[in-house]
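Undergrad: What follows is a single structure, and I will ask about it in a moment.
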Amino acid sequence: MLAPYAANPATSLGRHHDESPSPLRNAFQRDRDRIIHSTAFRRLEYKTQVFVNHEGDLFRTRLTHSLEVAQLARGIARTLNLHEDLTEAIALAHDLGHTPFGHAGQDALNACMKDYGGFEHNLQSLRVVDKLEQRYAEFDGLNLTFELREGILKHCSIKNAKQLGDVGQRFLDKTRPSLEAQITNFADEIAYNNHDVDDGLRSGLITIEQLQSVDLFASQLDIVKENYPKLEQKRLIHETIRRMINVQVVDLCAHTAINIQENNPKNIQDIRQAPYLAGFSEQMTAKNLALKQFLRKNLYQHYKVNRMSAKAERIIRELFKVFLADIGLMPHEFQASAKDDKARAVADYIAGMTDRFAIREHRRLFAVEEYF
Ligand code: MG
C-alpha cells in the first residue's frame, strides 16, 4: 500500500559504496539495522536532553527519546502510506551526533569550535554515520542510503552544504527532503514537547497548576478530569499527556493528507520540488508554539536546569581547551585523526562522550587524586 510519492528502496538513490542487496531485508531495513548496531546508538542511553543522566533513572535519555520518535514516526508513516522502515531508521539515527549534556553541551562545543568551522549536531550525526563509525572492512561509516542520510540532515548552513555534495545540495537548491524525513521531524517535536512536560512534572520543576495556562495541556486535562474525577495524580498526568500526543498526531496526519491531496505529487521528485507538505493545521501550530514557549520559560530556563547547564558548559569548555593544547592526552585513534584537523578531532572525541564519561574524563584530567 505504499503511496507512489513514498520513498522506495527499489528506487533509492543508493549508497556511496556499492553493495550487493540483502536477500532478506530492503535497503532501509538494512540502514536501520546498521544504526542499531553502531557504537553511537548504544551511547544514546547515557546522553541526555534536559536532565543530566545521573539525576534520575526515570527521565528520558536520548535513547528512549529516539525510540519514542521511531514509534510515532512509524505510526504516522503507516497512516499516510509512507515507507515505515525509512522513518524508523531516520528516527533512530537523528540524534546520533549529539554531544553529552544536551543543548548546553552542544552550545558549549559550538562556542569552542567558533574559529574552527563550528559544531552543528545535525551535521555531526551525518559525520557519525558517514565517517566516525569504523566497523566495516570496506568503508568508513555505515554506508547508509541517500534517503537515510538526507533525513538525518535536517538543517545545515550554506557554507557546510557546499562542502557536503549530494545531501547538501537541497540546501542550495531550496528543495525538500522525502515526506518520510519531514514527518520524522514532526515526530521528534511531538515526542520531546510531550515527554518534557512529563519529565518536568516528575522532577517537580513545573507543576500542573502552571500548565493550566497551556491550552494543549489544559484542554486534555479537563477531559480526563471530567471522565475520571477521582483519578490519582500519576495516572491523571499520563492520561493527559497521551491525549496531548494523540491530538497532535491526528492533526498532523489529517493536515498532511490535505496538503498531499492539494499538491497531488506523483512521485518522490514531486515531493522534493513541492513546498513542505508535512505539517500541523494552523490552530495546532499555534498551540504547539505556546507549549514550546511555556517549556522554554519554565523548564529549560529553570534555575536548577541553568545550574546543570552551567556545569556542563564548564566541563566541555575545559576538556576542549586541555585537549587542544595537548592532543597527546587523547586516546591514540583521535591523535591520529588530529594530524589532519586538530580541533575537529577534539570535537569528535568530546561529542562522542556520554554524560558520565565526560564527567569522569574531566575528573581524570583535573583532579590530582585521580591517576588515569
Ligand atoms: Mg530529537
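The values are calculated or read from the model by the stated rules, or taken from the named source; none is laboratory data. The model shown is predicted, which means the values in this text are computed figures rather than measured ones. FYI the Cβ positions are ideal-geometry reconstructions off the backbone, even for glycines, and counts take in every protein chain you see. These area figures cover heavy atoms from the full protein model, side chains too; ligands, DNA and RNA do not enter into them. Shrake-Rupley method; radii C 1.70, N 1.55, O 1.52, S 1.80 Å.
Undergrad: Let me spell it out: the conditions are (1) within 16 Å of the ligand (Cβ to nearest atom); (2) within 22 Å of Gln71 (Cα to Cα), and His155 meets all of them except one. Which number is the exception?
TA: All conditions are met except number (2).
Undergrad: Could you tell me how many of the residues in the range 1-33 are crowded, with 20+ Cβ neighbours inside 10 Å and either of a type outside the set (Lys, Arg) or over 18 Å from Arg74 (Cβ atoms) (or both)?
TA: Residues that pass the stated criteria total 6.
Undergrad: For the range 94-107, does any single residue satisfy the condition of being surrounded by fewer than 22 Cβ atoms within 10 Å (Cβ to Cβ), away from the ligand (no atom under 14 Å from the Cβ) and in a helix (DSSP H, G or I)?
TA: Yes, some residue in the range 94-107 is surrounded by fewer than 22 Cβ atoms within 10 Å (Cβ to Cβ), away from the ligand (no atom under 14 Å from the Cβ) and in a helix (DSSP H, G or I).
Undergrad: Something else now. If the requirement is being under 15 Å from Ala27 (Cβ atoms) and touching a Leu at 6+ places or on another chain (Cβ under 9 Å), which of these qualifies: Arg170, Arg149, Arg176?
TA: Checking each option against the conditions leaves just Arg149.
Undergrad: Are any of the residues in the range 190-204 within 16 Å of the ligand (Cβ to nearest atom), closer than 24 Å to Lys287 by Cβ and among the polar types (S, T, N, Q)?
TA: Yes, because at least one residue in the range 190-204 is within 16 Å of the ligand (Cβ to nearest atom), closer than 24 Å to Lys287 by Cβ and among the polar types (S, T, N, Q).
Undergrad: Of the numbered conditions (1) touching a residue at least 40 places away in the same chain (Cβ under 8 Å); (2) away from the ligand (no atom under 16 Å from the Cβ); (3) in contact with a Lys or Arg (Cβ under 9 Å, 6 or more places away or on another chain); (4) in a loop (DSSP other than H, G, I, E, B), Asp85 fails exactly one; give the number of that condition.
TA: The single condition Asp85 does not satisfy is (4).
Undergrad: Check whether at least one residue in the range 330-337 is open to solvent by less than 30 Å² (accessible area, probe 1.4 Å) and out of contact with any Gly (no Cβ under 8 Å at 6 or more places or on another chain), and report yes or no.
TA: Yes, the range 330-337 has at least one match.
Undergrad: I would also like to ask the following. Out of the residues in the range 176-188 meeting the condition of being of a type in the set (D, E, K, R) and within 15 Å of Gly75 (Cβ to Cβ), tell me which one is nearest to the chain's Cα centre (by Cα).
TA: Asp188
Undergrad: With (1) assigned to a loop (DSSP other than H, G, I, E, B); (2) open to solvent by less than 30 Å² (accessible area, probe 1.4 Å); (3) out of contact with any Phe, Trp or Tyr (no Cβ under 7 Å at 6 or more places or on another chain) as the list, and Cys156 as the residue in question, which single condition is left unmet?
TA: Only one criterion is unmet by Cys156, namely (3).
Undergrad: Where the second residue is open to solvent by 60 Å² or more (accessible area, probe 1.4 Å) and away from the ligand (no atom under 11 Å from the Cβ) and the first is over 14 Å from Met1 (Cβ atoms) and lies in the range 63-80, which pairs have Cβ atoms under 6 Å and are six or more apart or on separate chains?
TA: Leu63/Glu45
Undergrad: Taking the condition of being surrounded by 19 or more Cβ atoms within 10 Å (Cβ to Cβ) and touching a Lys or Arg at 6+ places or on another chain (Cβ under 9 Å), how many residues in the range 206-220 meet it?
TA: Total meeting the criteria: 3.
Undergrad: Moving on to the next point. It is to be established whether one or more residues within the range 163-176 are touching a helix residue (DSSP H, G or I) at 6+ places or on another chain (Cβ under 6 Å), open to solvent by less than 10 Å² (accessible area, probe 1.4 Å) and either among the charged types (D, E, K, R) or within 14 Å of the ligand (Cβ to nearest atom) (or both).
TA: no
Undergrad: Something else about it: Which of the residues that make up the range 125-148 are farther than 14 Å from Ser38 by Cβ and in contact with a helix residue (DSSP H, G or I) (Cβ under 9 Å, 6 or more places away or on another chain)?
TA: Thr145, Phe146, Glu147
Undergrad: Also: For the range 108-120, name all the residues that are part of a helix (DSSP H, G or I) and crowded, with 21+ Cβ neighbours inside 10 Å.
TA: Residues satisfying the conditions are Ala108, Leu109, Cys112.
Undergrad: Here are Lys339, Lys311: which of them is assigned to a helix (DSSP H, G or I) and charged (D, E, K, R)?
TA: Going through Lys339, Lys311 in turn, the sole match is Lys311.
Undergrad: For the range 167-279, give me every one of the helices (runs of 4 or more DSSP H) that falls completely inside it and has 2 or more residues that are among the aliphatic types (A, V, I, L, M) and in contact (Cβ under 8 Å) with a residue 40 or more places away in the chain.
TA: 179-203, 233-263, 268-273
Undergrad: Could you grab me the full set of residues in the range 15-40 that are within 23 Å of the chain's Cα centre (by Cα) and either of a type in the set (Asp, Glu) or at pLDDT below 95 (or both)?
TA: If the condition is that a residue be within 23 Å of the chain's Cα centre (by Cα) and either of a type in the set (Asp, Glu) or at pLDDT below 95 (or both), then Asp31, Asp33 are the ones that fit.
Undergrad: Mind checking which residues of the range 270-287 are within 22 Å of the chain's Cα centre (by Cα) and surrounded by fewer than 16 Cβ atoms within 10 Å (Cβ to Cβ)?
TA: Once the filter is applied, which keeps residues that are within 22 Å of the chain's Cα centre (by Cα) and surrounded by fewer than 16 Cβ atoms within 10 Å (Cβ to Cβ), the range 270-287 yields Tyr276, Thr285.
Undergrad: I'd like to check something: does the range 288-299 contain any residue that is surrounded by 18 or more Cβ atoms within 10 Å (Cβ to Cβ), out of contact with any Ser or Thr (no Cβ under 6 Å at 6 or more places or on another chain) and aromatic (Phe, Trp, Tyr)?
TA: Checked the range 288-299: at least one residue is surrounded by 18 or more Cβ atoms within 10 Å (Cβ to Cβ), out of contact with any Ser or Thr (no Cβ under 6 Å at 6 or more places or on another chain) and aromatic (Phe, Trp, Tyr).
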